[in-house]
Amino acid sequence: MERLKGKIAIITGASQGMGESHARAFVAEGAKVVLTDLNEARGNAIAEELGLDNSLFIKQDVSKVEDWKNVIEQAELKFGPVNVLVNNAGILGPIANAIELDEEQYQKVIEVNQDSVYYGMKYTLPSMIKAGIGSIVNISSIAGIVAIYGYPSLAYMGSKFAVRGMTKAVAVEFANKNIRANSVHPGFIKTPMMADATDEGGGSATQFIPLGRLAETSEVSNLVVFLASDESSYLTGTEQIIDGGMSIQ
Ligand code: NAP
């Protein structure tokens, strides 16, 4: 049985890493998917592979309001009202402490990781209200649950804590419209963003992970599919931690 039949989803940052994995999993489960990203060549190639009846790639900078308006308009034109939003695009930014991080670097991380989630929800919610149902899945991080010494900057952590909070705000504001919102908090996942953290990349992240390994992107996609589907119909405003046990120590 296709678990996402009837779902019309927007997934940001879908040209590589976790976003690409979610897009592939969504189409495999019967959803129609709008993939967005800065990387047009790769996004278009993935959409073609997934089939243009099931998917559409739109070039988007998630930190730009005009781009969001365009994405919603094109998504509705092709597939009808959107009922799933996965706010996945994000950047790590520099590894720097509060003194080292400069204002421009701080602002950029906040725009891409935090402002984008506000815009995405603001401009997709009217479409979900038209659809009569909605599930918003906001990708935060374990760095939106606990602080991690010497790794992401305060801008990254601040943006991911904000995503966690905004998710709860929307969950409570729109529950009466049959719209749910949950945040996902990955630990270390094998994507281009984390290439340096792996043992092969010279990093040492695994020593902090009780399960002793980084996750495959598909392990996070399993969770995101569940949250997008009606199987999670009574879950809203929750924080879904997927970190191999890292944050329990
Ligand atoms: P990734 O491999 O770096 O992929 C992110 C994608 O987002 C890239 O295709 C990137 O395009 C795109 N992107 C960046 N800025 C954008 C913008 N302004 N507008 C539109 N697209 C943009 O990242 P990932 O590891 O899959 O991470 C996905 C999400 O999970 C992020 O929010 C990240 O913070 C979060 N996360 C990741 C981990 C992890 O271990 N990997 C852990 C916790 C949370 P370009 O490459 O062209 O810039």
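Odds and ends about this structure:
- Here Ala89 clears all of (1) surrounded by fewer than 23 Cβ atoms within 10 Å (Cβ to Cβ); (2) in a loop (DSSP other than H, G, I, E, B) except the condition numbered (1).
- Residues satisfying the stated conditions in segment 123-156, i.e. in a helix (DSSP H, G or I) and within 16 Å of the ligand (Cβ to nearest atom): Tyr123, Thr124, Ile142, Ala143, Gly144, Leu154, Ala155, Tyr156
- Flag if Ala14 is touching a strand residue (DSSP E or B) at 6+ places or on another chain (Cβ under 7 Å) and either of a type in the set (A, V, I, L, M) or under 26 Å from Asn182 (Cβ atoms) (or both): yes
- When each of Ser127, Ser140, Ser153 is tested for being among the small types (Gly, Ala, Ser) and surrounded by 24 or more Cβ atoms within 10 Å (Cβ to Cβ), the lone residue that passes is Ser140.
Quick grid of which residues meet (1) farther than 24 Å from Lys160 by Cβ; (2) within 17 Å of the chain's Cα centre (by Cα); (3) crowded, with 16+ Cβ neighbours inside 10 Å:
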site: Ser21; (1), (2), (3): no, yes, yes
site: Glu40; (1), (2), (3): yes, no, no
site: Ile58; (1), (2), (3): yes, yes, yes
site: Asn83; (1), (2), (3): yes, yes, yes
site: Ala98; (1), (2), (3): no, no, no
site: Glu104; (1), (2), (3): no, no, no
site: Gln107; (1), (2), (3): no, no, no
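Conditions tested, residue by residue: (1) within 14 Å of the ligand (Cβ to nearest atom); (2) among the basic types (Lys, Arg); (3) over 26 Å from His185 (Cα atoms).
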| residue | (1), (2), (3) |
| --- | --- |
| Val65 | yes, no, no |
| Gln74 | no, no, yes |
| Val82 | no, no, no |
| Leu85 | yes, no, no |
| Ile91 | yes, no, no |
| Asn113 | yes, no, no |
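- Across segment 158-183, the qualifying residues are those that are in contact with an Asp or Glu (Cβ under 8 Å, 6 or more places away or on another chain) and outside any helix (DSSP H, G or I), and the one among them that is farthest from the ligand (Cβ to nearest atom) is Asn182.
- Check on Ala98, of a type in the set (Gly, Ala, Ser) and either farther than 20 Å from Val184 by Cβ or in a strand (DSSP E or B) (or both): yes
- Residue in segment 198-213 that is under 20 Å from the mean Cα position of the chain (by Cα) and surrounded by 15 or more Cβ atoms within 10 Å (Cβ to Cβ) present: no
- The set of residues from segment 1-43 being within 9 Å of the ligand (Cβ to nearest atom) and in a strand (DSSP E or B) comprises Thr12, Thr36, Asp37.
- Flag for Arg213 being assigned to a loop (DSSP other than H, G, I, E, B) and either within 16 Å of the ligand (Cβ to nearest atom) or at pLDDT 95 or above (or both): yes
- Residues (assigned to a helix (DSSP H, G or I) and of a type in the set (S, T, N, Q)) located in segment 44-67: Asn44
- Every residue from segment 224-237 that is part of a helix (DSSP H, G or I), away from the ligand (no atom under 12 Å from the Cβ) and not small (Gly, Ala, Ser): Val225, Phe226, Leu227, Asp230, Glu231
- Positions within segment 146-190 being at pLDDT below 95 and farther than 27 Å from Ile99 by Cα, in sequence order: none
- Verdict on Lys69 being charged (D, E, K, R) and either buried (at least 17 other Cβ atoms within 10 Å of the Cβ) or away from the ligand (no atom under 16 Å from the Cβ) (or both): no
The values are calculated or read from the model by the stated rules, or taken from the named source; none is laboratory data. Predicted model, so just to flag it, every value in this text is computed and none were measured. Quick reminder, even Gly has a Cβ in these numbers, built from the backbone with ideal geometry, and neighbours come from all protein chains shown.
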